[in-house]
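Colleague: Quick one: the structure is below, and I'll ask about it shortly.
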Amino acid sequence: MIQTLDQIFVLFKNWLVGFLPAGWQVAAGVVLCVIAIIAVYPALFAIAVLLERKGLGRMQNRYGPNRVGPFGLFQPVADGIKALVKEDIVPLRADRVVHFLAPVVLVPIVFMGFAVLPMGRHMVLVNMDSGLLFFFAMGASTELAVFMAGWSSRNKYSLLGAMRAIAQMISYEVVLLLSSVAVVMIAGSLSLVKIVESQNHYTGIFPHWYVFTPWGLAGFLIFVVASTAETNRSPFDLPEGESEIVAGYFTEYSGFKFALFFLGEYVEMFAVAALGTTLFLGGWTAPFSFLGWVPTWIWFFAKILTWICVFIWFRGTLPRLRQDQLMNFAWKFVLPFSLLNLVVVALWRFLGPGWEQWVICSAILLVAYVVMGRTAFTLKNIGPRKYRYAE
Amino acid sequence: MLGVGVLKGLGETARNFFGSYFSKERLTTVQYPEQRIPTVENARVFPFLVYDGPEWDAGMRCVACQICEKECPPKCIYIEKSKDKKPDYVGKQQFYPARFDIDVSVCMSCQICVEVCPFEAIKMDTAFELATDDRFGGLLQDRKQLAKSNEYYHQIHPTEAAEVDGRLAEEKAKLEAKAKAAAEAAAAKAAAAKAAAAKPAEGEK
Amino acid sequence: MSIPIFVISVLTVAGALAAMTLKNTIHCVLALTVAFAGVALLFLGLDAQFVGFAQILVYIGAVVILVVFAVLLTRSSETPEEGSHSRTWFTGLAISAGVFAVLGWAVLASVNGLPNETAAPDVNVHKIGNALMGRYVLPLEIVALLLTAATIGAVIVAMHEKARTK
């Protein structure tokens, strides 16, 4: 019974595909899975938008939207209708073709990342050998869409926002890659299915998730920071900050194209959160061994929604970082720390199982963090501001 | 250590989030059209004309001195003096405004008209829901719209209204006392004159 | 040659041609992106997963962005009134035809020299990793040194600019 519930989507797909002749079955199965992904993630997007507005509201001592349905639950429907019927304005001197293509390029690329993520036991669209590399390739391609959006608007602020966004995304992409390489070193494979399988063991009731190891915790924290920056979320949302540069690279978009960009941003958030759970939080495995009866896809989506709540929590708490502060943080703190993390992973592997690996690796990481943090503070010359030209 | 500030901030926001379901102080929103925050006593929005008694045109305190019209910085008040006079609260005959228009869309709520009025006739109202869809005349308020009773003034600014009433009553009492004294003096004089007139008449007889 | 590979090749060549003939420089860069994507799809069609995804990650994700930055920061991105026609186009055409002929002859000659293989080679990421760390570790380290030198050079050039403007 538990097995059936766990594999219910796979069984349903097999039953549906069984109606077709044998030659068509594989292709039909793939098409069905794609349709499922395209149906599920926009629904999750609606939930995430609602969660964000209500959650941010409560954190800011106010209600979120509460008029449209009971407790404002139909607000995403209202937003969707608004986006559909709004007038689609393209600036007069904007490059129409590229202006149209930018959201069209962004949304499919963002959805392609889900092709390699295992959403439950045996529930991955394509079990690629180099799945992680595919995911990062798709992540890198989204920067192109951002540039197209910013440049085609013929708006110097959009272009500036796009340049900043690309610079930020490239810097934090490197960091993201390095923190995932740590996991790959231990799991021994780039395939995300194998990475989840290697976390599917329990000692007693505790799982072997990578986040519960010293290098895993460091890698996880780096991944959280880098994924917040990669998807242009607060506190790294200078390129799209509403009070700074209107809306950055999607200033000139209105109506449905804006809705597509918004969708692309949130779905990218989901994708990156899903990657983070797969790499560090054990993907679809249950947190305690006695909870193994709950279907695995429920754990996966629960973990993704928890990440989203954490992203919303960060947005409600932290002030925005300035562009140079952001870039300094990436290149001067997070990147060296993630390189050190790689060395620590190698050391972990080298020391073999036992108490030495825990103590030595934790000590190295903790000392490095404290030392780098303190030098960062002292080098920053925190004091009254000095001007270059004014005096 | 790096990151401690972030954790403290996250804790504070989490407290806000969970506390907003339990305590009123962490959720200070009112559901606007159904509930309203009671206005503070010192709130001021746009001016109105005060009238004493039950009828607005008989009891209006304004005597069309036009000081507020001259002092208004954006010149949003327009007054036309009447040709005849009517008695005011002490009984003296005063002019009254035949037209008193304030363009509320121009008014900047500076309260200068209130400060300079010698007759306590114009005061600040606290009603702000004046939105209208008539873009040209909808916010031009005339004499009848501006006239509001003294009881209303007591409702919105109780201490101020009580003080104004006290002052006016004091002035009235002073005038009455003066009038009484003058009447008594006149009566005494008349009596003295009568006695003086009666005495020579008696003497003549 | 199967249909998908044919279509992808046409797409790649079309992208490359567009990159040469379009007037607006940014449009050229975007057409170049299409050409890069076509090459990546060709790699994937030949079952070379690692190289295909690395092509997307490196070329489309980084090289195109670099080219875009270079175009935007160095010349005005206004559309030139006329296309870039050069007067020596016939010589250029002749030379490029000559190079193409030499390359084509070399490729066709080498195909006959390969042994007949019935099955596609089984290349997975493990084998690539082993090869990189085992047989090809010297080129790997040299490439790493080259990249480090390039990064340091860029930083030094940028720092000198800052020092001079100060």
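Colleague: Are there any trypsin sites (Lys or Arg not before Pro) in segment A:89-176 that are in a DSSP loop and have at most 10 other Cβ atoms within 10 Å? List them by number.
Modeller: Values: sites: A:93, A:96, A:121, A:154, A:156, A:164; in loops: A:93, A:121, A:154.
Those that pass, being in a loop and sparsely packed, are A:93.
Colleague: Any idea what the relative contact order of chain A is, in percent, if you count C-alpha pairs under 8 Å spaced at least 6 apart? Mind showing how you got there, number by number?
Modeller: Details: 522 pairs, mean separation 80.5, N = 391.
Across chain A, relative contact order equals 21 percent.
Colleague: Dipole of the protein assembly as shown, Cα-centred, from +1 at each Lys and Arg C-beta and -1 at each Asp and Glu C-beta, to the nearest 20 debye?
Modeller: Values: 65 positive and 60 negative charges, 248 e Å.
In total the dipole reaches around 1200 debye.
Colleague: A further question on this structure: Going Cα to Cα from residue B:75, which lysines come in below 29 Å? Please leave out same-chain ones fewer than 8 positions away.
Modeller: B:83, B:85, B:86, B:123, B:144, B:148
Colleague: In square nanometres, what is the average projected area of the Cα convex hull of the protein assembly as shown? Display every interim value, and only then the final one.
Modeller: On the way: hull surface 230.8 nm².
In nm², the orientation-averaged hull projection of the protein assembly as shown is 57.7.
Colleague: Mind checking which of A:113, A:137, A:92 is farthest towards the positive end of segment A:70-167's charge dipole, using Cβ charges of +1 (Lys, Arg) and -1 (Asp, Glu) about the Cα centre?
Modeller: Among A:113, A:137, A:92, the one farthest towards the positive end of the dipole of segment A:70-167 is A:92.
Colleague: Under 22 Å between alpha carbons, and skipping anything fewer than 8 positions from residue B:189 in its own chain: which lysines qualify?
Modeller: Within the straight-line cut-off, residue B:189 pairs with B:174, B:178, B:180, B:199.
Colleague: Calculate the length of the line joining the C-alpha centroid of segment A:128-203 to that of segment A:96-120, in whole Å.
Modeller: If we compute the Cα centre of each part, the gap is 13 Å.
Colleague: Please check chain A for the longest run free of chymotrypsin sites (Phe, Trp or Tyr not before Pro) that are loop-located per DSSP (anything but H, G, I, E, B) and have at most 13 other Cβ atoms within 10 Å.
Modeller: Working: sites that count: A:19, A:288, A:293, A:387, A:389.
After excluding every exposed loop site, the longest remaining stretch is A:20-287.
Colleague: Which whole number gives the average, over all residues in A:143-149, of C-beta atoms from other chains lying within 10 Å of the residue C-beta? Display every interim value, and only then the final one.
Modeller: Values: counts 6, 9, 0, 1, 8, 4, 0.
Counting other chains' Cβ atoms within 10 Å and averaging over A:143-149 gives 4.
Colleague: To continue, here is another question. Would you mind pulling out the separation of the Cα centroids of segment B:1-55 and segment B:96-136, in Å?
Modeller: 28
Colleague: Once you place label points 7 Å from the Cα toward the Cβ at residue C:100 and residue A:10, how far apart are they in nm?
Modeller: Each label point is offset 7 Å from its Cα along the Cβ direction, giving 5.1 nm.
Colleague: I'd like to know which of A:236, C:14, A:22 lies farthest towards the positive end of the charge dipole of the protein assembly as shown, counting +1 on Cβ of Lys and Arg and -1 on Cβ of Asp and Glu.
Modeller: Farthest towards the positive pole: A:236.
Colleague: Sorted by packing (mean other beta-carbon atoms within 10 Å per residue), highest first, where do A:177-189, C:62-74 land? Each step should come with its number before you reach the end.
Modeller: On the way: A:177-189: 20.2, C:62-74: 15.5.
Output ranking for A:177-189, C:62-74: A:177-189, C:62-74.
Colleague: At residue B:198 and residue B:128, where each label point lies 7 Å from the Cα along Cα→Cβ, what is the point-to-point distance in nanometres?
Modeller: Result: 7.1 nm between the two label points.
Colleague: Could you name the lysines whose alpha carbon sits less than 28 Å from that of residue B:24, not counting residues in the same chain fewer than 8 places away?
Modeller: A:54, B:8
Colleague: Here's another thing I want to ask about it. With the cut-off at 19 Å, tell me which of the pairs A:86/A:257; B:81/B:172; A:303/A:332 have Cα atoms farther apart than that.
Modeller: Working: A:86/A:257 10 Å; B:81/B:172 25 Å; A:303/A:332 31 Å.
Among A:86/A:257; B:81/B:172; A:303/A:332, the Cα-Cα distance tops 19 Å for B:81/B:172; A:303/A:332.
Colleague: Taking the Cα centre of chain B as origin, work out the dipole magnitude from +1 charges on Lys and Arg Cβ and -1 charges on Asp and Glu Cβ, in debye rounded to 20. Intermediate results must be reported in sequence, preceding the final value.
Modeller: On the way: 29 positive and 31 negative charges, 104 e Å.
With Lys and Arg at +1 and Asp and Glu at -1, about 500 debye.
Colleague: I'd like to compare B:97-103, A:360-366: which one has the highest average count of other Cβ atoms within 10 Å, and what's the full order after that? Please list the in-between numbers first.
Modeller: Numbers: B:97-103: 19.0, A:360-366: 16.4.
Ranked by mean Cβ neighbours within 10 Å, highest first: B:97-103, A:360-366.
Colleague: Next up: Taking only the alpha-carbon positions of chain A and ignoring solvent, what does the Debye formula give for the base-10 log of I(q)/I(0) at q = 0.06, 0.14 Å⁻¹?
Modeller: -0.26, -1.36
Colleague: Is the shape of segment C:1-80 best called rounded, prolate or oblate, per the rule: a/c under 1.5 gives rounded, else a/b larger than b/c gives prolate, else oblate, with a ≥ b ≥ c the square roots of the Cα gyration tensor eigenvalues? Please list the in-between numbers first.
Modeller: On the way: a/c = 5.61, a/b = 1.67, b/c = 3.36.
Since a/c reaches 1.5 but b/c is at least a/b, the shape of segment C:1-80 is classed as oblate.
Colleague: Across peptide A:130-141, what mean number of C-beta atoms from other chains lies inside 10 Å of a residue's C-beta? Each step should come with its number before you reach the end.
Modeller: Details: counts 9, 3, 2, 8, 7, 2, 5, 11, 5, 2, 10, 7.
Mean number of neighbouring Cβ atoms from other chains: 6.
Colleague: Right, another one. Compute the distance from the alpha-carbon center of segment A:1-67 to that of segment A:336-385, in whole Å.
Modeller: 40
Colleague: Apply the membrane-span-like helix rule to chain A: whole DSSP H runs, Cα extent along the own long axis of at least 15 Å, mean Kyte-Doolittle hydropathy at least 0.0. List the helices found.
Modeller: Details: long enough: A:25-59 (49 Å, 1.66); A:75-85 (16 Å, 0.67); A:96-112 (25 Å, 2.10); A:131-152 (32 Å, 1.36); A:156-187 (46 Å, 1.46); A:214-230 (24 Å, 1.36); A:256-279 (34 Å, 1.35); A:296-317 (32 Å, 1.23); A:335-351 (24 Å, 1.85); A:355-379 (36 Å, 1.30).
Taking the DSSP H segments of chain A (at least 15 Å long, mean hydropathy at least 0.0), we get A:25-59, A:75-85, A:96-112, A:131-152, A:156-187, A:214-230, A:256-279, A:296-317, A:335-351, A:355-379.
Colleague: Within the P(r) computed for chain B, what percentage of the Cα pairs occupies the region above 27 Å? Could you put the intermediate results ahead of the total?
Modeller: On the way: 11233 of 20910 pairs.
Percentage above 27 Å: 54.
Colleague: Can you give the average number of partner chain beta-carbon atoms within 10 Å of each beta-carbon in peptide A:219-229, as a whole number? Don't skip to the answer; put the middle values down first.
Modeller: Numbers: counts 0, 0, 1, 0, 0, 0, 0, 0, 0, 0, 0.
So the per-residue partner count for this stretch is 0.
The numbers here are math on the coordinates, done by the rules we state, and not lab data. It should be emphasised that the depicted structure is a prediction, and the values quoted were computed from it without experimental measurement. Because the Cβ atoms are built from the backbone with ideal geometry, glycine has one as well, and the counts that use them run over all protein chains shown.
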